[in-house]
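Colleague: There's a structure below that I have some questions on.
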Amino acid sequence: MKTTSYNPSSLEVEFANIIESLKDQMNDLLENRKISSIEHQLETDNPLLYLTIEDNDGDKHKLVMKLIQKPDDLV
C-alpha cells in the first residue's frame, strides 16, 4: 500500500499508540525503574512520545521518542 500522507503518517500514529499501550509490559521489563507517565503529540509531522521514568530513588527522567517514516521511494 502506498503512503499518501506523511504529516503524520498513519503508520507513525499507529506505532505511537501501540508503544503507549505497552506501558505495563515495558514496566515489567525495566529493572529498578518504572514508566510513570507517557504523554504524546500525535498530530505533529513526526509523532512524539514523552516518557517519564522514575527510578527507585524517586528521581524522574525524561525520554523522548520521535517516530519517522521514510518516504516509500527511499526504502
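Colleague: Can you pull out every residue in segment 62-71 that is loosely packed, with under 11 Cβ neighbours inside 10 Å and over 11 Å from the mean Cα position of the chain (by Cα)?
Modeller: Matches in segment 62-71: K62, K70, P71.
Colleague: For segment 9-56, what are the residues that are out of contact with any Lys or Arg (no Cβ under 8 Å at 6 or more places or on another chain), part of a loop (DSSP other than H, G, I, E, B) and either at pLDDT 95 or above or loosely packed, with under 14 Cβ neighbours inside 10 Å (or both)?
Modeller: Once the filter is applied, which keeps residues that are out of contact with any Lys or Arg (no Cβ under 8 Å at 6 or more places or on another chain), part of a loop (DSSP other than H, G, I, E, B) and either at pLDDT 95 or above or loosely packed, with under 14 Cβ neighbours inside 10 Å (or both), segment 9-56 yields L22, L30, E31, N32, L42, E43, T44, D45.
Colleague: Among the numbered criteria (1) of a type outside the set (S, T, N, Q); (2) out of contact with any helix residue (DSSP H, G or I) (no Cβ under 8 Å at 6 or more places or on another chain); (3) touching a residue at least 60 places away in the same chain (Cβ under 8 Å), which one does I19 miss?
Modeller: The single condition I19 does not satisfy is (3).
The values are calculated or read from the model by the stated rules, or taken from the named source; none is laboratory data. Bear in mind the structure is a predicted one, so any value in this text is a computation, not a measurement. Using ideal geometry, Cβ is built from the backbone for each residue, glycine included, and neighbour counts are taken over all protein chains shown.
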